[in-house]
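The values are calculated or read from the model by the stated rules, or taken from the named source; none is laboratory data. A quick note: this is a predicted structure, and the numbers were derived from the prediction, not measured. All Cβ positions, glycine included, derive from the backbone under ideal geometry; neighbour counts span all protein chains shown. Just the protein is used for accessible areas: all its heavy atoms, side chains included, with ligands, DNA and RNA removed. Shrake-Rupley method; radii C 1.70, N 1.55, O 1.52, S 1.80 Å.
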Amino acid sequence: MTYDDDADLDLLVVGSGVAGLSAAVRAAEAHGLRVGVLTKGDLEQSTTRWAQGGVAAVLGGDPDSTDLHLADTLAAGAGLCDIDAVRVLVEEGPGRVRDLITLGAAFDRDEQGRLELAREGGHSLARVVHAGGAATGAEIERALVVAVRRSAVAIHENEFALDLVIEHGRCVGVRAADATGATRVVRARHVLLAAGGAGQLFAVTTNPLEATGDGVAMALRAGVAVADVEFVQFHPTALHHPQMPRPLLSEALRGHGALLRDTNGEQFVDELLPRDQVSRAMTRRMLELDVDHCWLDATGLDHFVERFPTIASALDEVGLDPSRDWLPIAPAAHYLCGGILTDLDGATTLPGLWAAGEVACSGVHGANRLASNSLLEGMVFGARVVEAVERGVDTAQPTGAMRSVLAVEGGSPIGGRAVVSPMTPPALAIGAPFAAVDDIALARQQLQRAMTAGAGVLRDSASLSRTAAVVDLAVGVACSSSGAAAWELANLAAVASALLTAAHERTESRGAHTREDFAAKSPEFATRLVLGGEVRPTPTTAGRL
Ligand code: SIN
């Protein structure tokens with residue numbers, strides 16, 4: 001088996017999380033396609049590895065149903081989910097979980113051997129399968145990495161995907177750089193961007209260092225349509241501790257009965273509301289009390305260490321005992337609900353380019369993702385990309401969220417509005433000297449702090465404008481130098497600029513986007529804000545979703 005046989009690739013997967021790796025395995029093992037995987041770290045390094053709670057899927061019987069899962073997802077999404085995409089998610093999800101089990105992923109089971117189901121915020125019932133208590137992502141990643149290493153013909157680790165290569169209006173590969181900065185083109189018939197999210201936009205995040213929005217930035221530079229990027233989900237219960245990424249105290253703890261308290265010890269919010277509502281309530285309470293954290297009281301939970309061994313050991317490392325101590329927590333950037341606009345098969349507005357997982361905007365999350373729907377989305381839509389490629393599909397269809405920009409014949413696009421960013425993302429500097437690491441690190445920190453202060457849980461017009469000025473400075477630093485640190489900074493700045501533009505334009509509060517100067521939800525904004533790509537025709541008033 002060779003791991004660098006790039007000749008004649010059918011599918012090049014960029015990224016190594018659940019969406020990319022599950023697609024790679026399916027393409028290679030179920031369809032015999034020649035698959036390559038390219039990732040800027042090791043294969044094992046991805047945000048998936050950090051995912052705790054689990055995978056929401058209707059695997060138990062009555063009283064749960066896919067209709068209930070659908071209803072919960074739509075309610076969390078605050079009016080912006082694409083209902084067809086959500087139906088696909090909830091109906092195909094259980095099958096994809098079974099595929100993972102077949103592949104060797106071991107989910108937690110009860111004494112009778114039945115899958116254990118947990119409850120999380122926004123779910124009307126317990127339907128979250130998990131592994132190792134709250135180490136679900138690590139187990140999924142483990143199983144997928146083993147399968148990919150045996151089935152992909154090319155695996156490029158520690159290679160940075162810089163840009164899409166486009167010939168005659170079609171994506172034919174990516175330009176990538178190795179650690180020395182040397183670049184080359186990896187060509188393939190189809191490219192799947194599964195490069196994850198952008199939590200590193202913020203100073204306080206649960207995401208690993210590599211979550212720098214590279215895939216979304218590549219799309220923005222290539223003029224591929226991107227949508228819903230103003231919706232960043234903040235997880236309410238990240239441990240308030242200098243460690244970065246912030247250790248997550250899984251929502252499953254609240255599902256098992258852990259309580260939220262303010263610094264006076266008072267309960268102030270229903271722990272099982274969707275995340276956007278809990279994070280907002282916490283942020284407001286922290287501002288009122290002029291404090292920087294709240295408490296998670298898990299002292300009433302039985303068998304904490306047995307149920308949540310990884311969380312227990314993270315707490316132990318910082319000297320906290322959940323049976324005795326209240327745990328300091330504060331919201332942290334956790335998940336980008338929007339991304340590269342796709343149809344129901346993961347096709348983007350650029351033929352030959354597909355997107356799945358956190359990098360994509362499939363329409364399943366709307367304005368706020370339901371807990372534990374993200375691993376599910378990755379596996380469902382990654383698989384759909386492969387099936388579409390196998391059927392010979394080549395271009396996006398007017399289905400799912402793609403209907404924001406593509407019309408069915410004789411109709412017009414629905415639920416989309418074009419937004420033009422004041423900043424065209426500049427080209428990455430290639431071949432320039434590598435920058436002084438300290439300069440880049442400082443510019444990244446400044447960008448992150450500005451984003452947290454001005455574009456975090458609460459925003460307004462003035463805070464967004466102040467943040468944009470800092471992002472412009474970061475562009476100047478990033479684009480005069482080469483190397484992975486500079487490219488990551490340029491990508492962060494490109495995504496930040498898109499986010500700020502959309503957040504500015506959306507003069508309402510909805511889901512994870514809270515404008516202090518526009519507190520109400522507005523029917524005028526029951527629409528997806530789309531950057532880049534060709535919107536045909538550009539609706540001046542919002543369409544219905
Ligand atoms: C959690 O365990 O709270 C995080 C899971 C998710 O992001 O859905």
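Of all the listed residues (Thr310, Thr349, Thr299, Thr395), the sole one being out of contact with any helix residue (DSSP H, G or I) (no Cβ under 6 Å at 6 or more places or on another chain), more than 20 Å from Gly93 (Cα to Cα) and within 16 Å of the ligand (Cβ to nearest atom) is Thr310.
From the list Glu139, Glu167, the one residue that fits, being more than 16 Å from the ligand (Cβ to nearest atom) and over 15 Å from the mean Cα position of the chain (by Cα), is Glu167.
Checking each residue of region 147-157 against the condition of being among the β-branched types (Val, Ile, Thr), in contact with a helix residue (DSSP H, G or I) (Cβ under 7 Å, 6 or more places away or on another chain) and closer than 30 Å to Phe308 by Cα gives at least one match. For region 411-430, the condition of being in contact (Cβ under 8 Å) with a residue 12 or more places away in the chain, away from the ligand (no atom under 16 Å from the Cβ) and part of a helix (DSSP H, G or I) holds for none of the residues.
For region 235-244, give me each residue that is open to solvent by less than 20 Å² (accessible area, probe 1.4 Å) and more than 8 Å from the ligand (Cβ to nearest atom). Give the steps one after another, and end with the answer.
Taking region 235-244 as the starting set, the residues that turn out to be open to solvent by less than 20 Å² (accessible area, probe 1.4 Å) are 235-239.
Answer for region 235-244, where residues must be open to solvent by less than 20 Å² (accessible area, probe 1.4 Å) and more than 8 Å from the ligand (Cβ to nearest atom): Pro236, Ala238, Leu239.
Taking region 249-260 as the range and being within 13 Å of the ligand (Cβ to nearest atom) and either farther than 16 Å from Leu301 by Cβ or touching a Gly at 6+ places or on another chain (Cβ under 8 Å) (or both) as the test, the residues that pass are Ser250, Glu251, Ala252, Arg254, Gly255, Ala258.
Looking only at region 268-323, count every residue that is under 24 Å from the mean Cα position of the chain (by Cα) and of a type outside the set (A, V, I, L, M) and tell me the total.
So the first thing to find is which residues in region 268-323 are under 24 Å from the mean Cα position of the chain (by Cα), and the list is 271-283, 308, 310-311, 314.
If we keep only those that are of a type outside the set (A, V, I, L, M) too, we end up with 271, 274-277, 279-280, 283, 308, 310.
So the answer is 10.
Starting from residues that are within 23 Å of Arg189 (Cβ to Cβ) and basic (Lys, Arg), keep the ones in region 384-412 and report whichever is most open to solvent (accessible area, probe 1.4 Å). Per the stated criteria, the residue is Arg391. Of all the numbered requirements in (1) crowded, with 24+ Cβ neighbours inside 10 Å; (2) on the phi < 0 side of the Ramachandran plot; (3) away from the ligand (no atom under 16 Å from the Cβ); (4) not acidic (Asp, Glu), Val305 misses one, and that requirement is (1). Would you check if there is a residue in region 374-383 being within 16 Å of the ligand (Cβ to nearest atom), among the hydroxyl-bearing types (Ser, Thr, Tyr) and open to solvent by 10 Å² or more (accessible area, probe 1.4 Å)? Yes, region 374-383 contains at least one residue that is within 16 Å of the ligand (Cβ to nearest atom), among the hydroxyl-bearing types (Ser, Thr, Tyr) and open to solvent by 10 Å² or more (accessible area, probe 1.4 Å). Looking only at residues in region 309-330 that are in a helix (DSSP H, G or I) and touching a residue at least 40 places away in the same chain (Cβ under 8 Å), the one that is surrounded by the fewest Cβ atoms within 10 Å (Cβ to Cβ) is Pro309.
Within region 175-225, being part of a helix (DSSP H, G or I), crowded, with 24+ Cβ neighbours inside 10 Å and not charged (D, E, K, R) holds for Gly199, Gln200, Leu201, Gly215, Val216, Ala217, Met218, Ala219, Leu220.
It is to be established whether one or more residues within region 131-147 are in contact with a strand residue (DSSP E or B) (Cβ under 7 Å, 6 or more places away or on another chain), part of a loop (DSSP other than H, G, I, E, B) and buried (at least 24 other Cβ atoms within 10 Å of the Cβ). Let's see the steps before the verdict.
Pass one, region 131-147, residues in contact with a strand residue (DSSP E or B) (Cβ under 7 Å, 6 or more places away or on another chain): 136.
From what is left, the residues that are part of a loop (DSSP other than H, G, I, E, B) are none.
No.
Going residue by residue through region 56-72, is there one that turns out to be within 13 Å of Gly363 (Cβ to Cβ), in a helix (DSSP H, G or I) and of a type outside the set (A, V, I, L, M)? For region 56-72, residues within 13 Å of Gly363 (Cβ to Cβ), in a helix (DSSP H, G or I) and of a type outside the set (A, V, I, L, M): absent.
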